[in-house]
Amino acid sequence: MTGKVIETRGYHSLIRTYEYGDINCILQGKLRQENITSTNPVAVGDNVEIVYDEKTKTGSVINVMERKNYVVRRSAKLSKSIHIIAANVDSSYLIVNVSKPVTLLSFIDRFLVSNEAYRVPTTIIINKTDILNKKEKEDALILENIYQKAGYEVLFTSAKTNEGIDILRNRLKGQTSLFSGNSGVGKSALLNALQPNFNLKEGNLSDFYQMGKHTTTFSKMLFLDKDTAMIDTPGLKAFGLVAVEKDELAMYFPEFKSRLQDCKFYNCTHLHEPHCAVIAALENGEISLERYNNYVKIYESYDEY
Ligand SMILES: Nc1nc2c(ncn2[C@@H]2O[C@H](COP(=O)(O)OP(=O)(O)O)[C@@H](O)[C@H]2O)c(=O)[nH]1
Ligand SMILES: [Mg+2]
Ligand SMILES: [Zn+2]
């Protein structure tokens, strides 16, 4: 029997099956060793084969089907092992805030590089538009401009006034979408706005400044309808890049990638070389300084590993 992983907790997972509905499953011992580099061999979104025990009404995962793609993060800084956040996603939504709590551009860019590397199309959602003052509204427009210029779609939402919620709901239709972002940006609140029946617990704003308090600890798949799934992920604090080689980094900045063939040197690092198409685009304003600076920062950070 096959099913889809909709929740995981350590070696336990909840699998949605056609035949028996949602079944609690454990992983077979053998499975655990096969994918030694990942801390979790089975992730939300995985399609799996299970053996069902009629007596206990539980199952055992015996095989994980090949993944179309997956999104990962490093388990801890400097750690070699990875944690699979979700598998088989059609699109990824990065929720950001320009206020309470403000999302760092360096975090956004690392996240985007990782999604490019894993070929997951990403949309940026600027949430909490209802609480922005004049200065923050300007910040939000600047942010929109930076990422539109880089080739990303940017949406504005408010989980309180429902701004942008219908547009978002339409875009999600028929897809499996990943909702990510720092703790407190409103992932759960947006999911509740999309479907009040979800009744997800929303964090208390004051908690975020105390740190360490997470209302969502595990990834979880929720359904708007049979064919529309969303994955609520635990709040990410930092984002260690995985599987991106230093000399490929520019490929994962879409606005760099489209210009690489115009650099004079095939091994151009876009840091200082003459006749560099990336630097030329930076100088004429087609590439934003913020993105370029983060490219340099990430490039240079490789030496720390
Ligand atoms: N004013 C306002 N508050 C929001 C909005 N979205 C989320 N919040 C609040 O921000 C806090 C964190 O939201 P939550 O959904 O738990 O964040 P998560 O950690 O990303 O899941 C909660 O108090 C929410 O009610 C929004 O669009 N506007
Ligand atoms: Mg949450
Ligand atoms: Zn170059």
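Report relative contact order for segment 246-304 in percent, whole number only (criteria: Cα-Cα under 8 Å, sequence separation at least 6). Before the final figure, lay out the partial values.
Numbers: 40 pairs, mean separation 17.6, N = 59.
So the answer I get is 30 percent.
So what's the net charge close to residue 173: Lys and Arg +1, Asp and Glu -1, counting the other residues with Cβ under 13 Å from its Cβ?
Numbers: positive: 169, 171, 226; negative: 90, 166, 225, 227.
Local net charge: -1.
Lone cysteines in the chain, defined as no other cysteine's Cβ under 4.7 Å from theirs: which are they?
Here 25, 276 come out as lacking a disulfide-compatible partner, given the Cβ-Cβ threshold of under 4.7 Å.
If you stretched the chain out fully between residue 246 and residue 173, how much longer would it get, using 0.36 nm times the residue separation minus the C-alpha to C-alpha distance? Please report the intermediate quantities before stating the final value.
On the way: separation 73, 0.36 × 73 = 26.28 nm, distance 3.62 nm.
Here the segment from residue 246 to residue 173 would lengthen by 22.7 nm.
How do 272, 12, 83 rank when sorted from fewest to most other Cβ atoms within 10 Å of their own Cβ?
Working: 272 8, 12 13, 83 18.
Result, fewest neighbours first: 272, 12, 83.
For the chain, what's the relative contact order in percent, using C-alpha pairs closer than 8 Å and at least 6 residues apart?
With pairs under 8 Å counted, the relative contact order is 16 percent.
If the chain between residue 284 and residue 66 were fully stretched, how many nm would it gain, using 0.36 nm times the residue separation less the Cα-Cα distance? Please list the in-between numbers first.
On the way: separation 218, 0.36 × 218 = 78.48 nm, distance 4.42 nm.
Here the answer is 74.1 nm.
Report the antiparallel proportion of the DSSP beta bridges in the chain as a percent, rounded to a multiple of 5.
On the way: 32 of 54 bridges.
Roughly 60 percent of the beta bridges in the chain run antiparallel, per DSSP.
Ranking 265, 107 by Cβ neighbours within 10 Å, fewest first, what do you get? Spell out each step's value before the answer.
On the way: 265 11, 107 18.
Listed from fewest to most nearby Cβ atoms, that is 265, 107.
Sum -39500 (n - 2.57) across every DSSP H segment of at least 4 residues in the chain, then divide by the residue count to get the 222 nm mean residue ellipticity, nearest 500.
Numbers: 9 runs with 81 residues, N = 305.
That comes out to -7500 deg cm²/dmol.
Apply the a/c threshold of 1.5 to the C-alpha gyration tensor of the chain and tell me whether it is rounded, prolate or oblate. Before the final figure, lay out each step's value.
Details: a/c = 2.09, a/b = 1.39, b/c = 1.50.
Because a/c hits 1.5 or more and a/b fails to exceed b/c, the chain counts as oblate.
Roughly what % of DSSP beta bridges within segment 9-161 run antiparallel, to the nearest 5?
Details: 18 of 32 bridges.
If I count the DSSP bridges inside segment 9-161, around 55 percent turn out antiparallel.
Any read-out appearing in this document is the output of simple, stated calculations on the displayed coordinates, not a laboratory observation. As the structure is a computational prediction, the values presented were derived from the model and not from experiment. In this analysis, Cβ positions are derived from the backbone assuming ideal geometry, glycine residues included, and neighbour counts consider all displayed protein chains.
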